[in-house]
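The values are calculated or read from the model by the stated rules, or taken from the named source; none is laboratory data. Keep in mind the model is a prediction, meaning the values are calculated, not measured. Please note: Cβ atoms are built from the backbone with ideal geometry, for glycine as well, and neighbour counts cover all protein chains shown.
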């Protein structure tokens, strides 16, 4: 049986990142940890984009996942990273299951704007809540290694290695989903929703389940980010955060589950360099990069990999 190229690629990238966890400098480990967190979120966004939907509100679930993980330690005095990641994921999935009942009925700009509106509602609540630190948010503290605000070198590397393994498993599951009957239905809905209904499949059910899955992945990414950074604030749910996820999704494209992680790493590196050398115009740098991608690689950076993989 021929090996699946994507699964082999996932395994190779994971092994490289695990090696980086052991030998890379601290700043690179931190940057890659953020890239993994955002890559998981964008993976869910790609799931929606393959269904023909673009969400400008994934910051809602990213922020919810971050706060759920943080509050488990801040109020519940629970410093186990696994439990906090589960809390962030399930909290976001539960809210997505409720909001998805409404959003799964909408398409195109209506879906995008409604998702953005719900995200800004959470942002407003967080800003007004003094118990959650208001605009400043709060730092995460934990007594055990597996908790939050990982400042020690060894602890941070172990957490990063754990994140690599979990991200690999999530990407592998999403890849399997794309190859399944349900995944093919998602692509068919994007191409011709009416025909899918004529074939007897429930478009609403497919969109709803994809939306809930995307919300759960965003919550997981938010929990990852909170653990890596050691701080949460309302900016996690702001519209600019959701815009970043859309930017990263367009940058990488929807052709492969590896694309979100590749583009997230490029995005974090580009923003870090731009912040250091051009702090006043770094947004313009990102805008120029976006224009270049749209003009020359409308399918995202992954189209370069596809072209190289084609036989001459």
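Condition check ((1) assigned to a helix (DSSP H, G or I); (2) buried (at least 17 other Cβ atoms within 10 Å of the Cβ); (3) touching a strand residue (DSSP E or B) at 6+ places or on another chain (Cβ under 7 Å); (4) at pLDDT below 95) across all residues:
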position	(1), (2), (3), (4)
55	no, yes, no, yes
69	yes, yes, no, yes
95	yes, yes, no, no
110	yes, no, no, yes
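Answer yes if at least one residue in the range 267-282 is surrounded by 17 or more Cβ atoms within 10 Å (Cβ to Cβ), touching a helix residue (DSSP H, G or I) at 6+ places or on another chain (Cβ under 8 Å), at pLDDT 90 or above and closer than 28 Å to residue 80 by Cβ, and no otherwise. No, the range 267-282 contains no residue that is surrounded by 17 or more Cβ atoms within 10 Å (Cβ to Cβ), touching a helix residue (DSSP H, G or I) at 6+ places or on another chain (Cβ under 8 Å), at pLDDT 90 or above and closer than 28 Å to residue 80 by Cβ.
Residues in the range 115-129 that are farther than 17 Å from residue 96 by Cα and in a helix (DSSP H, G or I): 124, 125, 126, 127, 128.
Looking at residue 238, is it over 17 Å from residue 47 (Cβ atoms), out of contact with any helix residue (DSSP H, G or I) (no Cβ under 9 Å at 6 or more places or on another chain) and either in contact (Cβ under 8 Å) with a residue 40 or more places away in the chain or exposed (fewer than 15 other Cβ atoms within 10 Å of the Cβ) (or both)? No: the conditions fail for residue 238.
Taken together, 127, 164 contain a single residue that is surrounded by 15 or more Cβ atoms within 10 Å (Cβ to Cβ), within 20 Å of the chain's Cα centre (by Cα) and either at pLDDT 90 or above or more than 30 Å from residue 29 (Cβ to Cβ) (or both), which is 164. Scanning the range 144-161 for residues that are farther than 19 Å from residue 12 by Cβ and either in a helix (DSSP H, G or I) or modelled with pLDDT of 90 or more (or both) turns up 153, 154, 155, 156, 157, 158, 159. For the range 291-305, the tally of residues that are modelled with pLDDT under 70, loosely packed, with under 14 Cβ neighbours inside 10 Å and either in contact with a helix residue (DSSP H, G or I) (Cβ under 8 Å, 6 or more places away or on another chain) or assigned to a helix (DSSP H, G or I) (or both) stands at 1. Regarding residue 47, is this residue assigned to a helix (DSSP H, G or I), more than 28 Å from residue 276 (Cβ to Cβ), modelled with pLDDT of 90 or more and within 15 Å of the chain's Cα centre (by Cα)? Judged against the criteria, residue 47 is a match. If you go through the range 73-107 and keep only what is within 16 Å of residue 51 (Cβ to Cβ) and without any contact (Cβ under 8 Å) to a residue 12 or more places away in the chain, you end up with just 106. Residue 28 falls short on exactly one of the conditions (1) surrounded by fewer than 24 Cβ atoms within 10 Å (Cβ to Cβ); (2) touching a residue at least 40 places away in the same chain (Cβ under 8 Å); (3) in a helix (DSSP H, G or I), and that condition is (2). For the range 58-67, the set of residues classified as more than 10 Å from residue 241 (Cβ to Cβ) and out of contact with any strand residue (DSSP E or B) (no Cβ under 7 Å at 6 or more places or on another chain) consists of 61, 64, 65, listed by residue number.
Against the numbered list (1) closer than 29 Å to residue 128 by Cα; (2) buried (at least 22 other Cβ atoms within 10 Å of the Cβ), residue 246 comes up short only at (2).
The test for being surrounded by 19 or more Cβ atoms within 10 Å (Cβ to Cβ) and touching a helix residue (DSSP H, G or I) at 6+ places or on another chain (Cβ under 9 Å) does not hold for residue 82.
If the condition is being within 23 Å of residue 5 (Cβ to Cβ) and assigned to a helix (DSSP H, G or I), then the range 251-290 contributes 251, 252, 259, 260, 261, 262, 263, 264, 265, 266. Scanning the range 177-232 for residues that are under 17 Å from the mean Cα position of the chain (by Cα) and outside any helix (DSSP H, G or I) yields a count of 1.
Is at least one residue of the range 218-227 more than 12 Å from residue 69 (Cα to Cα) and crowded, with 24+ Cβ neighbours inside 10 Å? Within the range 218-227, one or more residues are more than 12 Å from residue 69 (Cα to Cα) and crowded, with 24+ Cβ neighbours inside 10 Å. Selection over the range 72-90 of residues that are closer than 14 Å to residue 132 by Cβ, out of contact with any strand residue (DSSP E or B) (no Cβ under 9 Å at 6 or more places or on another chain) and in a helix (DSSP H, G or I) gives a count of 2.
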